[in-house]
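The values are calculated or read from the model by the stated rules, or taken from the named source; none is laboratory data. These numbers were taken from a predicted model, which means no experiment stands behind them. Note: ideal-geometry Cβ built from the backbone for every residue, glycine included; neighbour counts use all protein chains shown. Heavy atoms of the whole protein, side chains included, go into the accessibility calculation; ligands, DNA and RNA do not. Shrake-Rupley method; radii C 1.70, N 1.55, O 1.52, S 1.80 Å.
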Amino acid sequence: MNERRHDVMAFLSAGSGWVGWRAAGGCMARVPHWLRRGAALGRSCNIPTSACPAGGVWIRRSGVLGRHWMAAAERGSSSSSSSSSPSSTSEGGSPTRSRASSRPVRPGRVSASGDGHGTAAVPATQFSASRVLTFQEAIFRLQSYWASRGCILWRPYNSEVGAGTMNPATFLRVLGPEPWSVAYEEPSVRPDDSRYGENPNRIQQHTQFQVILKPCPPNCQDLLLGSYQALGVDSAAHDIRFVEDNWESPALGAWGLGYEVWMDGCEITQFTYFQQAGGLPVSPVALEITYGMERIMMALQQRDHFKDIEYAPGISYGEIFLQNEVEMSRYHLDEADIGRHRALFETYEAEAQALIGKALPVPAYNDLLRASHVFNVLDARGAIGVTERARYFQRMRGLAREVAALWLQRRKEADFPLLKTASVESGLGDGVAVPTSASPPASSPSTPAPDAEAATACLTLEVGTEELPPGDVDRALEQLQALMAEWLRETRLLPEAPPEATVIRRYATPRRLAVVVERLRRRQPDRRVEQRGPPRRTAFDADTGAPTAAAIGFCRRHGIDNVDAPEVELRSTPQGEYLFVVRPETGRDAESLLREQVAERVLSRIQFRRSMRWNASGVLFSRPIRWLVLMLDDQVVPLQYAGLTATAVTYGLRTLADASLNVSSASLASHYVAAVPQRLTHASQYAAIMRDQLGIVADVEQREVLVRQQAQQLAASLGGELHDPQDAILKEVARLVEAPHAILGTFDEAFLTLPEAVLTTVMRKHQRYFPIRRADVPRGDRAVRAPVQLLNAFVAVANGAHVDEVTVRSGNEAVLRARYADAKFFYDADCHTRLETLVPRLEGIVFQERLGSMRDKTRRIEALAPTLCEAMATTANVPADERQSLPMVTRTAAALCKADLATRLVVEFTDLAGVMGAHYAERQGQAQGVARAIYEAALPRAAGGALPETVPGAAIAVADRLDSLVGLFAVGMAPRSVADPFALRRAALGVVQILVASGYEAVDLARVVPLAAQQLPVPADAEVCRAVLEFVERRLEQWLIDGEGAVQMAAAAAEKEGVEAMDTGGNTSTHAAHVQMVRAVLRTHATAPARAYRILETLRRARDSGRLAEAITAFERPYRLVSAQGREFGAVQRALLCERAERELYEAMQARGLLAPRQRACDDVDGVLADLIAIKPSVDGFMDHVLVLVDDEALRRNRLALCEHISRVPRGVLDLSEIQQ
């Protein structure tokens, strides 16, 4: 036997192009390329299976698109298991099929069981979970798992890719109608993740395992969790969650909606429903599953560093790959030549364009991938600015769209060959789930009360989904409740009195939206339906009284042949006599109305900010709908929607096994049940079943209370309190879990040396943890270098009390430790460099190709900010002694405001731009005012966010945004339609908010914008400046009409008046009046937002007091007469005033000084209104008793001149012509 084995090994080692087996001792044996095809190894080549040592792995492949599987034996298994027949199943392996075995699943189709929410167990391959896997065994397990479910086993691509998505097996194959299910390992290179091998959780080349399921099966989440079971993950012990991820690849023109899959706080998988690739719709929808193998294996093997992962028996990951990490990190971060890489990008882009022109999409795509990798290297070197990044993405996206369209065209020319393969077997069809196994037996409807109209019932409607984004939960629930209430009123199913007779309760979790309606009518009341027709004068002939064609046609439209029928009546109305058709209508039963109308009238009208498709129904929803419940008392209403039929079955937590299956922990590797099914026997049971049977807190407000109580209790146990401004984390977490279970975690106290903003950003934004602060420290809101107030602890909230608390705590602590280690790695490096020395590095960060680098942009900010500072200081409440220092502070801060973009910490945590610049400035001895201005230069970070409070900070923030606006408009990059890749709308709104908030009325953009244009390296003429001013004006108008400005104004007015704030949008007439006032002010003050805001406040008070209405009455009629003439009429001639009323008007205007040229202050609204109100009686007399448009031309011109002077009263202050009575 040993001699024969030696011969086999010698034979195998002589080939080339390898597939092979791994020996238990860690040795690698390979198989010649020509042996990849054909029958199983050990049969066609007369190689005995005993030649494979115990623990080895044989890989069998049959054809390029053939069936793939492997038999993977566990280490330590006996040689007898290795010598079993080819049709047997080795321990821990999937069966090797003989010729007589049943026909396998056809490649490219996924074998699915269950209905997408756990009604059937998902069997995993029979792997033993008694031992933690090595890295390569985990890869084998996933290959086996997905191959056994019909996936083709693909190869890693032979070019650097940033993710498995970029492999043509994903990007190109998801396009078109062909089914495609594939699984493959993909080494993914991300230069900006280079850490020299020092960071425990970040590496520049990591391993993804990619799965594409097209069309996506309805039980796809179950399949994913089943694969975790195959890896030895106990889903019931870990906190596994699907967290919103709106994925987008700007370089590929691809996007999709889905999730990050977290295990104990660590993202281990991405789960995305592709909606578009290369700018083309993905239909049928393809599901992408991307495993992060290093993270998964660190969790499974409980390793603190990637290099300690056991890759193969006795061989660590670091022993194989660490040198590669160190050298490639040095290359990506330090040595890659920026100039040569820019040239490479141009070369690859040009080559791709040439290949597209030759109709070669695959090689063109190769060059696109190379260009993408070059871009990633430039980005890691810090050579790409924010604006230039968008420009590069635009270029790559254009190539991707051309390649995608060309690929699809070539597949169409080939008549989509995989469609023929798919037609042999039905497979999954379109992936629509029809929950037959969970459907209850047909139940006889409840017997209604004798008085059917008076009988009432309880209604429960539940829409079961995959995890909804937290931001969608409340909006969707409000819409569901409102739409249901509206529909019930329209269908007369709500009792009319008393009002409290019917209660609509609402419930929502990440996986369900539900309403329960108590005391719903079982049947509509009968009614008389009236249809009004033509009036009598047209319905009957005036002479003969015979019905006209109008009357006959009206009756026939309602199925009546004779106008004399008893259903036809003549009735008197306030508008006269009309013909009516009056018919009795018998009320319909609630069950039929619910079945027929709820889908269209309620469910289909729920809107989301971003919606997706997932199956052939074409329904759009935030995330896939997986089950429906609709019950009327004990009767199931078989509503059909989104490819589903409503049942009486709801579902509990996904990671709990069905207790009725009696699945022991030892057998978890064999079966995974996605959720606990629970049957409702009566609609009124819903809330109780959620609470008592499933352990789910279905009410959002109750979950918030529970989360707060649990988290506060844990924080108090350490003498601390939760640090959650505006309850932001509380609101999000309560919408991420169904059964909150708070867990206290800690981290190394040494990390408290990091800036507090870094610590809280990681905890709150990245991990959704509650930071814990010392309870004995007064709260403050300092922007920079606040004293350490945090404790080295946090609260995480798991989904369900069933989890293993020790395991979940350990996992979350490990994730936070890795993130803080990453932050500390960069922070320590940054602290060795002064901000002043970082400024020259901005030369290597391109702002925009024609506008230069970030250093060039900084110089322009330095030039513009002092002018803004000077103007702002005149209206700011700044003490005189401080005012003298403002120019110096502004110049110093402006020079450093972008320096932190060259720091490694800000490159990693982009949200900390400005925050870290301020921190480093103060740490390095800069004045407090300089540090504060650097911090405020990045404000506001979002609509409604904090604004600069100091003059230098505001001046730099406005200068930065105006430079971006004028510069990008000058190079032809103004926003178009809904596309705004450079966020210029947000920049313009930021300018408006900053100027208004502090009342910087002396800043007139009409003077500042041309100054910004003068600093640019490209021409920016008056037309560009005018376009920028109009763009900002539109943002100001929108903000004052419908945005935060309108809300602020209403709240301020309410506070002054001591009344409840009025929503300007709540009343149509009030809103219209507000819009008119905004436009009246902006016609004159659009370039001075702060002044416009104050004048609008004055005008609003005048409206509320009635003074504005009086002034408009005096202004309106004279203005209309003059504007209709379209010319000016000069001075008024007193000698031509013939009528008494016109003389009185002349004298009244002369007394107010309205007939001579007058210099009025531009904000003198009160003066304008006072003048108009004063002359109003004379204007009324003039307009009522004097004919202006007389035949005598001299008199007509003189009277029009009098009207013209009235119309000029508000000129320069506001345009009253915009306001109508």
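Each label was represented as a point 7 Å from its Cα along the Cα-to-Cβ direction; for Glu843 and Arg1034 these points are 3.9 nm apart. Of the listed residues His1185, His741, His832, the order by accessible area with a 1.4 Å probe, largest first, is His832, His1185, His741.
Placing a label point 7 Å from the Cα of Ala750 along the Cα-to-Cβ direction, the residues of the stretch 269-306 with a backbone N closer than 17 Å are 304-306.
Which peptide among 634-645, 248-259 comes first, and what is the full order, when sorted by highest mean count of other Cβ atoms within 10 Å? Intermediate values should be presented prior to the final figure.
Values: 634-645: 19.9, 248-259: 22.7.
Listed from highest to lowest mean packing, they are 248-259, 634-645.
With 0.36 nm allotted per residue and the present C-alpha distance subtracted, the Val326-Gln693 stretch has 126.7 nm of extension available.
Can you tell me what percent of all Cα-Cα pairs in the stretch 684-731 are more than 12 Å apart? Please list the in-between numbers first.
Working: 764 of 1128 pairs.
Of the Cα pairs, 68 percent sit more than 12 Å apart.
Go ahead and run the numbers for FRET between Thr586 and Arg679, Cβ-Cβ distance against an R0 of 45 Å, rounding to 0.05.
On the way: r = 34 Å, r/R0 = 0.76.
Taking R0 as 45 Å, the efficiency between Thr586 and Arg679 is 0.85.
Packing, as the average of other Cβ atoms within 10 Å across residues, places the peptides 336-345, 546-555 in the order 546-555, 336-345, highest first. Mean separation of Cα pairs under 8 Å and 6 or more residues apart, divided by the residue count, gives the stretch 285-349 a relative contact order of 15 percent.
Note that the stretch 523-530 has calculated 3J(HN,Hα) couplings of 8, 5, x, 5, 7, 9, 9, 10 Hz, one per residue in order, obtained from phi through the Karplus relation 6.51 cos²θ - 1.76 cosθ + 1.60 (θ = phi - 60°); glycine and proline are x.
Applied to the stretch 1018-1028, the Karplus parametrisation 6.51 cos²θ - 1.76 cosθ + 1.60 on θ = phi - 60° returns per-residue 3J(HN,Hα) values of 10, x, 9, 7, 4, 5, 5, 4, 5, 5, 5 Hz, with x for Gly and Pro.
Quote to one decimal, in nm, the extra length available between Ala549 and Arg155 on full extension: 0.36 nm per residue of separation minus the C-alpha distance between them.
Details: separation 394, 0.36 × 394 = 141.84 nm, distance 7.66 nm.
So the chain would gain 134.2 nm between Ala549 and Arg155.
Annotation for Ser1105 and Arg519: the two label points, set 7 Å from Cα along the Cα-Cβ direction, are 5.0 nm apart. Rounded to the nearest whole Hz, the Karplus-based 3J(HN,Hα) values (6.51 cos²θ - 1.76 cosθ + 1.60, θ = phi - 60°) of the stretch 232-243 follow the sequence x, 8, 8, 5, 6, 8, 8, 8, 9, 9, 9, 10, with x at glycine and proline.
Based on Cα contacts under 8 Å between residues 6+ apart, the stretch 673-739 shows a relative contact order of 32 percent.
Going by average Cβ density within 10 Å per residue, which order do the peptides 725-737, 578-590 take, highest to lowest?
Sorting 725-737, 578-590 by mean packing, highest first, produces 725-737, 578-590.
The ellipsoid equivalent to the alpha-carbon distribution of the stretch 223-366 has semi-axes of 34, 26, 13 angstrom, derived from the gyration tensor eigenvalues as √(5λ) and listed largest first.
Averaging the Cα positions of each part gives two centres, and for the stretch 1135-1163 and the stretch 192-215 these lie 80 Å apart.
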